[in-house]
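Q: What follows is a structure written as structure tokens; I'll ask about it next.
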Amino acid sequence: MIRNKTNLILNYIRYHPKCDITNIVSGIKDISKPTIMKILFSLLNDNLIIVEDGFYFLDPSLSEIKSNNDFYSDTYFDVYIKKEHKEMIYYLFDYISKIWMDIYDELPTKTQMYKLMSKINTKLNLGLPMVWYKFGQIPLVVFDCDKDYSNYDPKLINNIDSNKCSNIMKNIVYGDCKLSSGKMRYVQYYAYNDNIQVVYQKKLEIEKYLLESKFDLITKNMSLLVNYIPYFRDKDRIIERFNDVAHNYNDLDPILQNSYYLRTLYSKLFSVFWDVVATNNLKSDVWKYYEKYNVNVNRISNCDFDLKKLKEEFNYLEEEFYVKVISYSKNNN
């Protein structure tokens, strides 16, 4: 797929500084020169690479954070967060895990940990970097149940009231929990009706209707979802284009709607569409965090890489979808 080809070319340029088109073509033998030229043009247009005297380089802004001494590799997209916030998140990972283990004799799942973290952060007003991503609100640090988080720096967690934290945990554990990961997502999505929650509510409903083949209800929910998605610069018109796919699918003959291959393409397109929305939600929340704490960063590099690959994947799936629709329509006439 083109997404994989784009990734191959980006990685080749990353690990082979000052390479020209001849180097790239000879180094990536599985991709034709015209395709490489097309992808290079797209990467230049998206400001992911630069060209000087015929040699290609990654855009300098893509590696700016990796030179920072406070760079952390266990955050989503390797984004930078302040050290005190990282240590506070470590503390809460350790604290929540121990309480959960005492009660249920097992560690919480990643989703359960994130939903508990979200509630504690809100109730204690800790100001930790929490972002909305694919499955709801999460901390920017990735929780790894196999990792020991007890080595946090106690000097940096003084503003966490352990007694209040304990009371919140007890209320949560004996109230909402022990809920499954899916139920905890549902509780978070429907706790309020703020714009961002409505987006995730509609996403959940669309997934349900995809399984139930209720294509008319998908289009209705898409119209609502589009109105509530937090603004981002959708220069590739992914939202509009998936909305068109949804309406076009709803208008298909029922025989075509029941085609396994077309339904699979439709589901994949929704998945990629949602990943684009979710990644932009995360980016937006990260920028708010940086602005609040005066973090000087010009670009969230790995998000840009991922969005580039998602765009290419969406383009591929969309083209395949319409080609198959035309082909199947001719065969059924």
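Values quoted throughout were computed directly from the atomic coordinates according to the rules given, and no laboratory measurement underlies them. In this text, all values refer to a predicted model and were calculated from it rather than measured experimentally. For neighbour counting, all protein chains shown are included, and Cβ atoms are generated from backbone atoms with ideal geometry for every residue, glycine included.
Q: Residue by residue through region 134-144, what is 3J(HN,Hα) from phi via Karplus (6.51 cos²θ - 1.76 cosθ + 1.60, θ = phi - 60°)? Round to whole Hz and write x for glycine and proline.
A: 4, 10, x, 7, 9, x, 6, 8, 7, 7, 10
Q: Which of the three applies to the chain, rounded, prolate or oblate, going by the alpha-carbon gyration tensor with a ≥ b ≥ c and a/c under 1.5 meaning rounded?
A: Since a/c reaches 1.5 but b/c is at least a/b, the shape of the chain is classed as oblate.
Q: Under 8 Å for C-alpha pairs, at least 6 residues apart: give me the relative contact order for the chain, rounded to a whole percent. It would help to have the intermediate numbers written out before the result.
A: Values: 324 pairs, mean separation 62.1, N = 333.
It rounds to 19 percent for the chain.
Q: What do you get for trypsin sites (Lys or Arg not before Pro) in region 231-291 restricted to DSSP loop and a cutoff of at most 14 other Cβ within 10 Å of the site's Cβ?
A: 233, 235, 237
Q: Considering only DSSP states other than H, G, I, E and B, which trypsin sites (Lys or Arg not before Pro) in region 9-65 qualify as loop sites with at most 12 other Cβ atoms within 10 Å?
A: Here the sparse-neighbourhood loop sites are 18, 29.
Q: Report the FRET efficiency, 1/(1 + (r/R0)^6), for residue 244 and residue 330, where r is their Cβ-Cβ distance and R0 is 22 Å, rounded to 0.05.
A: Result of the calculation: an efficiency of 0.60.
Q: Cross-link candidates for residue 268: which aspartates and glutamates have Cα within less than 12 Å, leaving aside residues fewer than 8 places away along the same chain?
A: 207, 313, 318, 320
Q: What residues have an amide H closer than 5 Å to that of residue 81, excluding those fewer than 5 places away on the same chain, when H is modeled at 1.01 Å from N in the peptide plane?
A: Long-range HN contacts for residue 81: 72.
Q: Let me know the shape class of region 2-58, please: from the alpha-carbon gyration tensor, a ≥ b ≥ c as square roots of the eigenvalues, rounded when a/c is under 1.5, otherwise prolate if a/b is greater than b/c, or oblate.
A: Because its axes are fairly even, with a/c under 1.5, region 2-58 counts as rounded.
Q: When the helix-only estimate is applied to the chain (DSSP H runs of n ≥ 4, each -39,500 (n - 2.57), divided by the residue count), what is the mean residue ellipticity at 222 nm, nearest 500 deg cm²/dmol?
A: Theoretical 222 nm ellipticity from helices: -20500 deg cm²/dmol.
Q: Name the residues whose placed amide hydrogens come within less than 5 Å of the amide hydrogen of residue 75, ignoring near sequence neighbours (fewer than 5 apart) on the same chain.
A: 142
Q: Taking 0.36 nm per residue of separation and subtracting the Cα-Cα distance, what length does fully extending residue 195 through residue 323 add?
A: Using 0.36 nm per residue and subtracting the Cα-Cα distance, I get 42.5 nm.
Q: Which residues does a label at residue 237 reach in region 299-333, if reach means a backbone N under 18 Å from a point 7 Å past the Cα toward the Cβ?
A: Inside the label zone: 311-323.
Q: For the chain, set up a Gaussian network in which alpha carbons nearer than 10 Å are linked by springs, and say which option among 259, 271, 181 fluctuates the most.
A: Comparing 259, 271, 181 in the GNM, the peak value goes to 259.
Q: While we're looking at this one, here's another question. Quick query: amide H of residue 131 versus all other amide H atoms, modeled in the peptide plane; which residues come in under 5 Å with a sequence gap of 5 or more or a different chain?
A: Distant-sequence amide H within range of residue 131: 138, 140.
Q: Note down the relative contact order for region 215-287 as a percent, whole number, built from C-alpha pairs under 8 angstrom at least six residues apart.
A: Reported as a whole number, the value is 38 percent.
Q: Okay, moving on. Taking 0.36 nm per intervening residue step and subtracting the Cα-Cα distance, what contour gain separates residue 263 from residue 78 on full extension?
A: On the way: separation 185, 0.36 × 185 = 66.60 nm, distance 3.43 nm.
Here the answer is 63.2 nm.
Q: Within region 74-164, report the chymotrypsin sites (Phe, Trp or Tyr not before Pro) that DSSP leaves as loop and that have at most 16 other Cβ atoms within 10 Å. Intermediate results must be reported in sequence, preceding the final value.
A: Details: sites: 76, 77, 80, 90, 91, 93, 95, 100, 104, 114, 132, 133, 135, 143, 149, 152; in loops: 80, 135, 143, 149, 152.
Hits after loop and neighbour filter: nothing returned.
Q: Set the Förster distance to 51 Å, then compute FRET efficiency between residue 50 and residue 155 from the Cβ-Cβ distance, nearest 0.05.
A: It comes to 0.75.
Q: A follow-up question, please. Can you give the relative contact order of region 195-331 as a percent, counting alpha carbon pairs under 8 Å and 6+ residues apart? List each step's numbers first, then the result.
A: Details: 88 pairs, mean separation 33.3, N = 137.
In percent, rounded to a whole number, it is 24.
Q: Mind checking which of 281, 80, 58 is farthest towards the positive end of the chain's charge dipole, using Cβ charges of +1 (Lys, Arg) and -1 (Asp, Glu) about the Cα centre?
A: With unit charges placed on the Cβ atoms, the residue in question is 281.
Q: Could you give the nm distance between label points at residue 148 and residue 164, where each point is 7 Å from its Cα heading toward the beta carbon?
A: Here the answer is 3.1 nm between the modelled labels.
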